[in-house]
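The values are calculated or read from the model by the stated rules, or taken from the named source; none is laboratory data. Note that the structure is predicted; figures quoted are calculated from it, not measured. Positions of Cβ are backbone-derived with ideal geometry, glycine not excepted, and every protein chain shown enters the neighbour counts.
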Amino acid sequence: MDKYAKRQYIIGVIFALIAIIFIVRLFSLQVLDSSYKKYATRNVLRPVINYPARGLIYDRNGDLLVYNKAAYDLLVTPREVSAFDTTQLCSILKISKDELVQELKKARKYSRYKPSVIVKQLSTEMYAMLQEKLYKYPGFFVQTRTLREYAHPIAAHMLGYVGEVNQSQINKDPYYAQGDYIGITGIERAYEKELRGHKGVSYFLVDVHNRLKGAYNEGKNDSAAVLGNNLTTTIDAKLQAYCELLMQNKRGAVVAIEPSTGEILCYFSGPDYDANLLVGRERSKNYQMLLADTLKPLTNRAISAAYSPGSTFKTINALIALEEGTITPQTTFVCGGPGTKPISCTHHHESPIDLVGGIRESCNPYFWNTFRSIIGNYPKAEDGYKKWREYVESFGLGQRLGTEFYGQSPGNIPQASYYDRFYGRHHWNALTVRSLAIGQGEVIVTPLQMANMAAVIANRGYYIDPHLVKSISDPDNNIHQLDFKRSDCMVHADKFEQVIEGMQEVIDQTNTRYTAHVDGIEICGKTGTIQNTHGADHSAFIAFAPKNNPKIAIAAYVENGVWGARYAAPIASLMIEKYLNDSIGAPNRLATEKRMIEANLLNPNQKK
Amino acid sequence: MASRNNIWANLDWLTIGFYILLVFMGWINIYAAVFNEEHSSILDMSQRYGKQLIWIIAAFALAGVLILIDSKFYVSFAFPIYLATILMLVGVLLFGSEVKGAKSWFQIGGFAFQPAEVSKLATALALARFTSSYNFKIEKMQSIMVIGAILAIPVALIFLQNDTGSALVFAVFSLVLYREGLSGTILFLGVLVALVFILTLILQPLVTISLLTAAAIIIYYFINPKFLLALKAVAIAATIFMALWLSNTLLKLAIDTNKIILISAILASIIFTVYALRHRINQLLLIIGIYLMLVLMTFSVDYVFNNILELHQRARIEELLGIKSDPLGVGYNVNQSKIAIGSGGLAGKGFLNGTQTKFNFVPEQSTDFIFCTVGEEWGFIGTTSVILLFLGLLIRLIFLAERQRSVFSRVYGYSVACILFFHLTINIGMTIGLAPVIGIPLPFFSYGGSSLWSFTILLFIFLRLDASRMEKLSY
């Protein structure tokens, strides 16, 4: 053999060496390193979100208020796009070529492989037209979403609206992803977790061109979307619609509560808006328009307005004095009419006058004396005041009520320390803060609190947390009734009768009877006139009916309505009549209804 | 005629077994790589797996024919075949059609033919023929020159066709020549040049040259183990460099540091050369020569890299060496290939269950990247089996080559083994990120009649030579 025969082994070793290097490399690649499995999954799996329909919203009688309609988003996967007829696509979508190019550029910047939304919420007609032509636009596809649709143009503030989540909401709750909808105000927000349901996800296999190649693992890893839960609200849609009719062209708020349950029957802030405006492609345009409106239709006055209670507050002062024992129903005070000191009366009436009469006549001197007796019941004015404040708060004033109201103002019942700061410690007394006697001054309330206060009087001493949602039903129709807390006020039930008597006389015996009395219904109410330095005074009214076993308590504020009896009282009484009798009967009532509907108080400078 | 009947009995059926197994596995994996629900039959002739079956049957027929041809034919016609191939290589440059930037195909009707494929076989035959001639002596300059010419002519022509991958295959003939007595130093030098090329691309020139200097001194120390001398050499080299560097810095001559390195290396070499000449130490002269050549090379690598290599070749090398990373661009193939193979795990995802291959994430998966399908669907067990099968075949081929009585058959046998070795090293190496992406097929596995047939011919000529090894081959 030749002398180089040994070299066969060297060559064999070289061959084996390469084989060993490859095997070692493959061992590390395939067995030791698991990251490639992850990459492979990321390569081929495309998760497609299954969006659930949001829960439906019903009124208290099962009347559908909010449902869903299909909406179509046009998406694009930039990598798959090839040359197409831009002019035609633009004309279908009704957008300019520049906009389309801009959106495509944005989509490409986000990802060439993942889809981005090009046009949101196409109309059904647009979708139909596009669907026929879609094959001409490779890379484009349509995803179905649901949008809110409102059966009646009512209760916009109560229902609230939904919109896309923002980044901070995404950061807070990992459930949300870019482009998801979330309740932004109203019960859409308060019950977001119930309404939203649960998104599902389907995994599809995609090839290198991101084309769907079928379900992954036969769909075993997929999850179906879970529908949102349905809500039954406490609102009476008919009453709400009637309220909105009466309150048209007026600023103010009306809240009606069923006293025995705390269920809100009507929840209105005016002027309001049609909730359908805040849905669909025109949403942001409409939103800007509403935001710019000087009448502030987006402001929910029912829970955020800062009103004085006015004379309606006299009922509270009377009840506190009765409970404190500083007056009795028989206590009389002298009233000198408009010239009386330190607080004058609005008009002349019988004098001296007792409690029922004082309420009926809304006699300012009577309630000044009442208030003074409460404060004076304690050696120090501030202690008397603190006690008084405690009573007032027990009526649900000066605090946020319930849990469902976003943007709710707590109102304000000043602390004694506020007056200490203002006047100096021990340098103030009942006389200094006398405007509190007649519901003016620093006391601030919301219409919701006023309606709740009316419910306390109607209930003779307690209230259930006011609320908008009665029950929640899941997609399997399991109904969950919600419970709400009862709060007792510091005035006992037996102290209420004379005050209620006075409130009934307000409706039946004073001038208010012309606008608020209803034959066959015992309505108890109290008007208020709220001084307004910016224009005509505001008209306020609280009431409940029937007198015994009340079914409805109501508070109405009509801005620039001048007197309580002029707008707030007739509107509230019409609503009571409508709610209890289902219709307006007598001709004079129909005339009042017509007058209310036609009244336009939107010019803030008008007088009388 | 007795010997004719014995041919079938004398065939090495073990090698044929390896061959059939590899071809069959290749077919199965092509089926998996291009599998398509609508054409699920492996016999569907409209699909690549159906077509591959035709190529396979034709290859078997071809193998049968080759076995029937007298082995003396190859000896007699080795040079004519080589010459015909050279003419075809010239012809393809003039009349060929261009596919993927390489002008290397003859297109006759629906049939495409690549002369470069045949040139490997022809060169192997010519090389075998020449080395087995009486006047061949590997030590003779003339012999070296002829061998150089036999290799250089097809390589040059293939380079001109812009088919770098096929041209690189010829490098593997150095291994064949090594078996026939080519100095190990030359082989070693080749490896060294490749190593320095890579080091220069990855490292700073200062580091590369320091490494080279250290290597030269260490090697000399092994030849002539005098520690003090080695220390002196280090001191001299360092002193020269420091002196130059300091004077440059202090005198603010603003000479490029790289130039200082080069000048120091040359100055040190001169000093050592004088020393070597005075003491007549020839090994030292050799070391200095190689050292200087490599130092100069480090300075020319950038030029070669940036001016001679093409953009895509540069990018593939940079990607391989990790100098640049572009998994969505140049590195896409390799990255996806590694994902496919890596996601196979120990036992693979199962036949036809490979998602990366099925959904075309790996380009060229039925041809150059067929190994991905093996890796993804059959896992580490599958890849190791394929590599061991190939290794088994190669070792068997070495064994067969060594048992030949004629130099012609032995040299040809080694050529077959080494050509297969080069293909599978580069092909598998590129799928797992150990070799640059060069478009050459995995023997017997990759889809395509042209490559399957040329490897079949290559192998079966040798099997025929082996079967008749007892006959005396006359020249």
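State whether the residues of the range A:503-520 include one that is in contact with a Phe, Trp or Tyr (Cβ under 6 Å, 6 or more places away or on another chain), outside any loop (DSSP other than H, G, I, E, B) and touching a residue at least 60 places away in the same chain (Cβ under 8 Å).
No, that holds for no residue.
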Check: How many residues does the range B:54-86 contain that are modelled with pLDDT of 90 or more and among the polar types (S, T, N, Q)?
Finding: 2
Next item on the list: Could you run through the range B:352-393 and say how many residues are under 17 Å from B:VAL334 (Cα atoms), surrounded by 24 or more Cβ atoms within 10 Å (Cβ to Cβ), within 8 Å of chain A (Cβ to nearest Cβ) and of a type in the set (Phe, Trp, Tyr)?
Entry: 1
Check: Does A:ILE264 fit the bill of being over 30 Å from A:GLY357 (Cα atoms), surrounded by 17 or more Cβ atoms within 10 Å (Cβ to Cβ), touching a Pro at 6+ places or on another chain (Cβ under 9 Å) and assigned by TED's automatic domain parsing to the domain that holds A:THR533?
Finding: yes
Next item on the list: Tally the residues that are part of a helix (DSSP H, G or I), crowded, with 20+ Cβ neighbours inside 10 Å and touching a residue at least 12 places away in the same chain (Cβ under 8 Å), restricting the search to the range B:173-189.
Entry: 5
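Among what's in the range A:312-336 and is among the hydrophobic types (A, V, I, L, M, F, W, C) and in a helix (DSSP H, G or I), pick the residue that is surrounded by the fewest Cβ atoms within 10 Å (Cβ to Cβ).
Once the filter is applied, the top-ranked residue is A:LEU322.
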Checklist line | Condition broken by A:THR234, with the remaining ones in (1) among the polar types (S, T, N, Q); (2) farther than 30 Å from A:ILE530 by Cα; (3) buried (at least 19 other Cβ atoms within 10 Å of the Cβ) satisfied | finding: (2)
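Being away from chain A (no Cβ under 13 Å), in a helix (DSSP H, G or I) and surrounded by fewer than 17 Cβ atoms within 10 Å (Cβ to Cβ) is the requirement here; does B:ALA167 meet it?
no
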Next item on the list: Please go through the range A:344-380 and pick out each residue that is touching a His at 6+ places or on another chain (Cβ under 8 Å) and surrounded by fewer than 23 Cβ atoms within 10 Å (Cβ to Cβ).
Entry: A:GLY357, A:LYS380
Check: What are the residue pairs meeting all of these: first residue in the range A:81-93, first residue over 24 Å from A:GLU282 (Cβ atoms), second residue not in a helix (DSSP H, G or I), Cβ atoms under 8 Å, and 6 or more apart or on different chains?
Finding: A:VAL81/A:TYR137; A:VAL81/A:PRO138; A:VAL81/A:GLY139; A:VAL81/A:PHE140; A:SER82/A:PRO138; A:SER82/A:GLY139; A:PHE84/A:TYR137; A:PHE84/A:PRO138
Next item on the list: For the range B:303-324, name all the residues that are exposed (fewer than 13 other Cβ atoms within 10 Å of the Cβ), part of a helix (DSSP H, G or I) and in contact with a helix residue (DSSP H, G or I) (Cβ under 9 Å, 6 or more places away or on another chain).
Entry: B:VAL304, B:ASN306
Checklist line | Residues being over 17 Å from B:ALA435 (Cα atoms), facing chain B (nearest Cβ under 9 Å) and under 60 Å from the mean Cα position of the chain (by Cα) - total across the range A:1-41 | finding: 11
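Does A:LEU291 count as without any contact (Cβ under 8 Å) to a residue 12 or more places away in the chain and not in a loop (DSSP other than H, G, I, E, B)? Full working, then the answer.
Values: without any contact (Cβ under 8 Å) to a residue 12 or more places away in the chain: yes; not in a loop (DSSP other than H, G, I, E, B): yes.
It is true that A:LEU291 is without any contact (Cβ under 8 Å) to a residue 12 or more places away in the chain and not in a loop (DSSP other than H, G, I, E, B).
Residues are listed down the side, and each one gets a yes or a no for (1) in contact with a Gly (Cβ under 7 Å, 6 or more places away or on another chain); (2) part of a loop (DSSP other than H, G, I, E, B); (3) within 18 Å of A:ARG460 (Cβ to Cβ); (4) not aromatic (Phe, Trp, Tyr):
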| position | (1), (2), (3), (4) |
| --- | --- |
| A:HIS480 | no, no, no, yes |
| A:MET490 | no, yes, yes, yes |
| A:GLY528 | yes, no, no, yes |
| A:THR533 | no, yes, no, yes |
| A:ARG566 | no, no, no, yes |
| A:MET575 | no, no, no, yes |
Check: Looking only at the range A:42-69, which residues are more than 14 Å from chain B (Cβ to nearest Cβ), among the aliphatic types (A, V, I, L, M) and assigned to a strand (DSSP E or B)?
Finding: A:VAL48, A:ILE49, A:ILE57, A:LEU64, A:LEU65, A:VAL66
Margin query: Residue pairs, Cβ under 9 Å, 6 or more apart or interchain, first in the range B:365-388 and under 16 Å from B:ILE426 (Cα atoms), second of a type in the set (Asp, Glu) and surrounded by fewer than 22 Cβ atoms within 10 Å (Cβ to Cβ). List them.
Written below: B:ILE370/B:GLU364
Checklist line | Which listed residue, of A:GLY528, A:GLY535, is touching a Pro at 6+ places or on another chain (Cβ under 7 Å) and crowded, with 19+ Cβ neighbours inside 10 Å | finding: A:GLY528
Check: Among (1) of a type outside the set (A, V, I, L, M); (2) in contact (Cβ under 8 Å) with a residue 60 or more places away in the chain; (3) farther than 18 Å from A:ARG148 by Cα, where does A:GLN121 come up short?
Finding: (3)
Check: Could you say which residue among A:ASN429, A:ASN452 is buried (at least 16 other Cβ atoms within 10 Å of the Cβ) and out of contact with any strand residue (DSSP E or B) (no Cβ under 9 Å at 6 or more places or on another chain)?
Finding: A:ASN429
Next item on the list: For the range A:145-205, please list each of the helices (runs of 4 or more DSSP H) lying entirely inside it that holds at least 2 residues being aliphatic (A, V, I, L, M), away from chain B (no Cβ under 14 Å) and farther than 18 Å from A:ALA71 by Cβ.
Entry: A:156-159, A:186-190
Margin query: Being of a type in the set (Phe, Trp, Tyr) and within 25 Å of the chain's Cα centre (by Cα) is the filter here; which residues of the range B:56-98 pass it?
Written below: B:TYR74, B:PHE79, B:TYR82
Notebook entry, point to check: Which of the residues that make up the range B:170-181 are within 7 Å of chain A (Cβ to nearest Cβ) and in contact with a Ser or Thr (Cβ under 8 Å, 6 or more places away or on another chain)?
Noted result: B:GLU180
Next item on the list: Working carefully through the options A:TYR39, A:TYR72, find the one that is over 30 Å from A:ILE264 (Cβ atoms), in contact with a helix residue (DSSP H, G or I) (Cβ under 9 Å, 6 or more places away or on another chain) and not in a helix (DSSP H, G or I).
Entry: A:TYR72
Next item on the list: Quick one: in the range A:404-462, of everything that is assigned to a helix (DSSP H, G or I) and small (Gly, Ala, Ser), which residue is nearest to the chain's Cα centre (by Cα)?
Entry: A:ALA451
Next item on the list: Specify which of the listed residues (A:LYS120, A:LYS69) is at pLDDT below 90, over 30 Å from A:ALA237 (Cα atoms), among the basic types (Lys, Arg) and under 32 Å from the mean Cα position of the chain (by Cα).
Entry: A:LYS120
Note to self: For the range B:423-435, check the following and say yes or no: at least one residue is surrounded by fewer than 20 Cβ atoms within 10 Å (Cβ to Cβ), within 15 Å of the chain's Cα centre (by Cα) and more than 8 Å from chain A (Cβ to nearest Cβ).
What the structure shows: yes
Check: Which condition number in (1) farther than 14 Å from A:LYS37 by Cα; (2) over 23 Å from the mean Cα position of the chain (by Cα); (3) not hydrophobic (A, V, I, L, M, F, W, C) is the one that B:THR357 fails?
Finding: (1)
